[in-house]
């Protein structure tokens, strides 16, 4: 079976491929000036670490399960299976017409753009998130059958493949800068973090070894933690990781060196085959999408 199968996933044989990337044209054209300064994908505005969560509401998404959630600087929610923008309470504001399945999204800091992974076509799609319009595309030529997780750090786009490869791609011209191996399974989500001069990448390996891994941008492994089908990941200003575990129906908090800290939410809290997780910019709300086409909103305490 092609792609991530959330009920039963066969181990995929490991294939290492450097890959090539070729820019392709898109029927839509939006002009954007490249940012003067690119920082890490996740940069929060205050030093707050949530300690507990209070259920606020559940939203049902009629058009399909949400595989990824990103939050804009003005606290709009960008949700993927298709592509839509919602208020921080879940009401839809805008939709973006993209003909292919969108798996993951990463906002390019200090711009009105985001990049999304079109899993089955192995395409990186740029989106103007102010107008919710698709822009240019980058076609990724790799041996992985699909691309899943996506992140942005400085001038590079980072994508995770179905054969456990992670690719660093130059954002402007699409050049593949580096490829490295992460375990043996599908890389379902990625998040980057900058602390001082250190730039780190965290990867969720959904199947295969089922680990969360911390590494440098050259692929050097720093630490890892084994969880029960880690699917989605986000981070706070202290570098703590929040990981949804699809099989165990839990939200885990890990330290920045991938040591397990606490199980924060579980099935009794409404967590049911969780996929994505995200905070709003002020750390007052937490969002978790379930495989049953719902999004749960929690107040952070």
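Condition test on residue 70, is it buried (at least 18 other Cβ atoms within 10 Å of the Cβ), modelled with pLDDT of 90 or more and out of contact with any helix residue (DSSP H, G or I) (no Cβ under 6 Å at 6 or more places or on another chain)?
Details: buried (at least 18 other Cβ atoms within 10 Å of the Cβ): yes; modelled with pLDDT of 90 or more: yes; out of contact with any helix residue (DSSP H, G or I) (no Cβ under 6 Å at 6 or more places or on another chain): yes.
For residue 70, the condition - buried (at least 18 other Cβ atoms within 10 Å of the Cβ), modelled with pLDDT of 90 or more and out of contact with any helix residue (DSSP H, G or I) (no Cβ under 6 Å at 6 or more places or on another chain) - is met.
Does region 88-107 contain at least one residue that is closer than 19 Å to residue 279 by Cα, outside any loop (DSSP other than H, G, I, E, B), in contact with a strand residue (DSSP E or B) (Cβ under 6 Å, 6 or more places away or on another chain) and modelled with pLDDT under 90?
yes
Filter region 236-263 for residues that are buried (at least 19 other Cβ atoms within 10 Å of the Cβ), on the phi < 0 side of the Ramachandran plot and at pLDDT 95 or above and give the result.
241, 242, 243, 244, 245, 246, 250, 251, 252, 254
Just to check your reading of the model, which residue among 271, 233 is touching a strand residue (DSSP E or B) at 6+ places or on another chain (Cβ under 6 Å), assigned to a loop (DSSP other than H, G, I, E, B) and crowded, with 19+ Cβ neighbours inside 10 Å?
Numbers: 233 fails: assigned to a loop (DSSP other than H, G, I, E, B).
Within the list 271, 233, the selection yields 271.
Between residues in region 58-73 that are on the phi < 0 side of the Ramachandran plot and residues that are part of a loop (DSSP other than H, G, I, E, B) and surrounded by 20 or more Cβ atoms within 10 Å (Cβ to Cβ), which pairs lie under 7 Å by C-beta distance while being six or more apart or on different chains?
Listed by first residue and then by second, the contacts come to 72/129.
Confirm whether residue 286 is surrounded by 21 or more Cβ atoms within 10 Å (Cβ to Cβ) and touching a residue at least 24 places away in the same chain (Cβ under 8 Å). Working first, answer last.
Values: surrounded by 21 or more Cβ atoms within 10 Å (Cβ to Cβ): yes; touching a residue at least 24 places away in the same chain (Cβ under 8 Å): yes.
Here the answer is yes, as residue 286 does meet what is asked.
List the strands (runs of 3 or more DSSP E) inside region 130-202, counting only whole elements, that have at least 2 residues being farther than 27 Å from residue 76 by Cβ and in contact (Cβ under 8 Å) with a residue 40 or more places away in the chain.
Numbers: elements: 133-141, 147-153, 156-161, 165-170, 176-181, 187-195.
Strands (runs of 3 or more DSSP E) meeting the threshold: 133-141, 165-170, 176-181.
The values are calculated or read from the model by the stated rules, or taken from the named source; none is laboratory data. Fair warning: this is a prediction, and the values are worked out from it, not measured in the lab. Ideal geometry is used to build each Cβ from the backbone, glycine not excepted, and the neighbour counts take in all protein chains shown.
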